[in-house]
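Let me begin by presenting the structure, written as structure tokens, before commenting on it.
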Amino acid sequence: MDVLDLARLQFAVTGSLHFLFVVLTLGLAPLVAIMHTRYARTGTTLDERMTRFWGQIYVTNYALGIVTGIVMEFQFGLSWSGLTHYAGDVFGAPLALETLIAFFLESTFLGLWIFGWHRLPKWLHVATIWLVTITAYASAFWIMVANSFLQHPAGAVRDGDVLRLDDFGALLTNPSLSMALPHVLSAGLTVGGFVVMGASAYHLFRKTSDQELFSRSLRMGIWTAFVGTMMVVGFGFAQFGPVTSVQPDKFTDRPLAALGLGFMILLGHLLQLIALLLVVVVKWAPRWRFLHPLIVLVTPLPFVAAILGWIAREEGRQPWMIWERLKVADALTPGLTQAQITLSFAGFVGVLTLLAVADYVLISRIVRRGPDEIALGEKPAPAPALTF
Amino acid sequence: MEILWFGALALLVAGYFALEGFDLGVGLLLPVTADRDRAIGAVGPFVLANEVWLIAAAGVLFGAFPACEYALSANYTAVVLLLVSWVVRDAGLWFRRRLFTRAFWEWLITLGSLGVCLAWGLLLAGLAGFSFPFGLLYGLLIAALFVMHGRRFLDWRLTGVGTPLVTGALAAVPALVPLAGMAGAVIGNAAPSATLTVLTFMVLPFVPVMAGAQIWVWKAFGKGPVPAYF
């Protein structure tokens, strides 16, 4: 593989890894926020255990979202300086806004939520998880603004051999953004719903203690998956109009994009059907044991669909970095050497893949051990004598 | 407006050195720390709020000074070392109490912290045109300052003695010196005023929220029992 292939593969692999964790974050954040709000209202042990159990899974998943995200941001500067050179005056703005007014706050509030148990006033603590949720969604918005600019460079004018920001509003009303943003957010709800369903079904099938907690979680997961799949399919099809108005041949003559799209639609409909059938029997689902292994089995499918969706969107952009303006090959950092890209490829892809595997091992262990062994929100041990 | 955004960039980078400095310093100190649970517990609630200063600084670089982004690709190896070390350090914190043995992740926290310090030395020296060995030395100097800062922070947080303010200011100096030297070049490479106006208009209303959230972290976790999540 040459330098260009490696740089592209590096971005594709780290980006896909990033999204696997981000999509679950987007789906779980509002669910954990709702659970925590309920716990603050009722104060029951059941609500507390539910919040801490799903919160622990959410936070563990989040860890990999952060570290993969760090690598994503800097790759623009490392491998793709041609993009910044050509369109940095426009493309840099949504990225800057994402870091400053979304992620900066998200990370700070998340720290307050994780460490704020038994320390922050009850309702302020609840407020932090809602703030984390809102800023996570804001983060998704700005990243989609930046991505949509690559699909359709709205709001920019050519000035000599570079693009300049001309109309910030047009950047935000990009036809590539309008339906894609709700599509991505509802993909998050779909993934969140199916994960909550899957883990709950595991515990219900195994007849572990906490049957009530997981019955309630299963129902919540089914409703979330139902809303998520209906919206993700709806907004998915609604995208075709605006997207093909600016990228008419996005899915023609691009076999990989068409393949990704086809399988994603297939999976989307399958998940929609599953969620629809389950929502009909939502009242009895916790007791129907034969359902539970099937629910566990389909848990990975929404993740696969999410990655296929990105393959369709980004492969459908090739060979352009910015649609009909800048080729991917011309966006590569000039003078990037084989040694450099091999080094970063080994470092980023190697380390992040190992950590992703470790994180999934950890998440499945948390699920298996259940709500009895949750570190998040544990009562602090009595302060020991000062020994430092 | 270019000067205002350069100020924002300098503040974020300096803030990162002053804040993340003590996290990294405590990471470097782990092999000689007796009660590692308490040391990591002391910095734990601050890490997420501290490391995000650099992510925001990179955002300002991309948004307001995109032409300066070549600084990253021109120092490719140093930036890769910085990112991989940062990721390894973070993973050590998240996984320490949960996977394999604690000692394994504690060594990774220390190694990652050292890697970040050395990478900063190489990156900042590289930007100023100095040689590789000088960069390594500069990295060791940064590591030494961070160790001092980490010690002061632990003293303050765990025993209530002294303050990390002075060492925090010192920790920011290795970043501020090269930044001051490059100020002219960076400001001259700012994005056009249309972009800067949009950024200013959008970010300004959030500045009090950002400052408030950071202050809240210090108010909430500056004293009291040491939490045990990391």
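For beta carbons closer than 7 Å, sequence separation of 6+ or different chains, a first residue in the range B:139-162 that is of a type in the set (K, R) and a second that is not in a helix (DSSP H, G or I), the qualifying pairs are B:R152/B:G162; B:R152/B:P164.
For the range B:72-86, the condition of being touching a residue at least 40 places away in the same chain (Cβ under 8 Å), part of a helix (DSSP H, G or I), crowded, with 23+ Cβ neighbours inside 10 Å and not aliphatic (A, V, I, L, M) holds for none of the residues. The numbered conditions (1) in contact with a Phe, Trp or Tyr (Cβ under 9 Å, 6 or more places away or on another chain); (2) under 22 Å from A:R52 (Cβ atoms) are all true for A:S215 except (1). Tell me which residues, restricted to the range A:313-347, are assigned to a helix (DSSP H, G or I) and of a type in the set (A, V, I, L, M). The answer is A:V328, A:A329, A:A331, A:A339, A:I341, A:L343, A:A346. Being within 7 Å of another protein chain (Cβ to nearest Cβ), buried (at least 24 other Cβ atoms within 10 Å of the Cβ) and of a type in the set (A, V, I, L, M) is true of A:L105. Against the conditions (1) out of contact with any strand residue (DSSP E or B) (no Cβ under 8 Å at 6 or more places or on another chain); (2) crowded, with 23+ Cβ neighbours inside 10 Å; (3) not hydrophobic (A, V, I, L, M, F, W, C), A:D89 satisfies every one except (1). Scanning the range B:48-76 for residues that are within 20 Å of B:G112 (Cα to Cα) and more than 7 Å from chain A (Cβ to nearest Cβ) yields B:N50, B:E51, B:W53, B:L54, B:N75. Within the range B:90-106, can you find the residues that are in contact (Cβ under 8 Å) with a residue 60 or more places away in the chain and more than 13 Å from chain A (Cβ to nearest Cβ)? B:R102, B:E106, listed by residue number. Pairs meeting the criteria (first residue in the range A:345-364 and at pLDDT below 95, second residue not in a helix (DSSP H, G or I), beta carbons under 7 Å, at least 6 apart or on different chains) are lacking. The criterion of at least 3 residues that are closer than 23 Å to A:V23 by Cβ is met, among helices (runs of 4 or more DSSP H) falling completely within the range A:163-256, by A:175-178, A:180-206, A:211-246. The single condition among (1) touching a residue at least 40 places away in the same chain (Cβ under 8 Å); (2) surrounded by 19 or more Cβ atoms within 10 Å (Cβ to Cβ) that A:Q338 does not satisfy is (2). Residues of the range A:92-144 that are of a type in the set (A, V, I, L, M), free of Cβ contacts under 8 Å to residues at least 24 places away in the same chain and in a helix (DSSP H, G or I): A:A96, A:L100, A:L112, A:L124, A:A127, A:I134. Of the residues making up the range B:172-210, those that are buried (at least 20 other Cβ atoms within 10 Å of the Cβ) and touching an Asp or Glu at 6+ places or on another chain (Cβ under 9 Å) are B:V186, B:A190, B:A191, B:T195, B:L196. Among residues of the range B:185-217 being free of Cβ contacts under 8 Å to residues at least 24 places away in the same chain, within 30 Å of B:A39 (Cβ to Cβ) and not small (G, A, S), the one that is farthest from the other protein chains (Cβ to nearest Cβ) is B:I215. Quick check: anything in the range A:62-75 farther than 16 Å from B:F65 by Cβ, more than 7 Å from chain B (Cβ to nearest Cβ), over 21 Å from the mean Cα position of the chain (by Cα) and surrounded by 24 or more Cβ atoms within 10 Å (Cβ to Cβ)? So far as the range A:62-75 goes, no, none of its residues is farther than 16 Å from B:F65 by Cβ, more than 7 Å from chain B (Cβ to nearest Cβ), over 21 Å from the mean Cα position of the chain (by Cα) and surrounded by 24 or more Cβ atoms within 10 Å (Cβ to Cβ).
The values are calculated or read from the model by the stated rules, or taken from the named source; none is laboratory data. From a predicted model like this one, the values you see are computed outputs, not experimental measurements. When we count neighbours, we look across all protein chains shown, and the Cβ atoms used for this are built from the backbone with ideal geometry, even at glycine.
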